[in-house]
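Take a look at the structure below.
What follows is calculated from the coordinates using simple rules that are stated; it is not laboratory data. Treat the numbers as computed from the prediction; the structure is a model and nothing was measured.
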Amino acid sequence: MGGRARVRDRLGRDGTAATSHDAIIDALTASGTMSAEAVRNLTTAALGLTAYLWQVAHPTPAVAELYALHPRFGHTAQEFEPLLIGLLQATATGLGAVVPRTAPAPGAPTTQHREQR
């Protein structure tokens, strides 16, 4: 089976995974103040941070032994959820400031108008 066929098979014939991704982005964009681009960037950061922190929080036996011998290395493993939440909040705050909405909300002043005040 070729690469494209495998991708089509994983996504489903109707593009279910892509459709779900787009629905998540649309829902987050509609419910908040971040642009779709910022939400896509936040989603990418969330996936990367979660994957990394999950591995740290669920170490192999050898790494768990290292944590036991050197507790300073294991602090992140004990703080998975609060650390992830804090990092995502900081990332969202930064993205909200750096990646502005492409169109202001109805009735909101434009960037140019805000700068003149």
Additional length obtainable on full extension of the chain from Phe73 to Ile25, 0.36 nm per residue less Cα span: 13.8 nm
Viscosity 1.002 mPa s, 20 °C: Kirkwood-radius Stokes-Einstein D of the stretch 34-101 over Cα pairs, µm²/s: 163 µm²/s
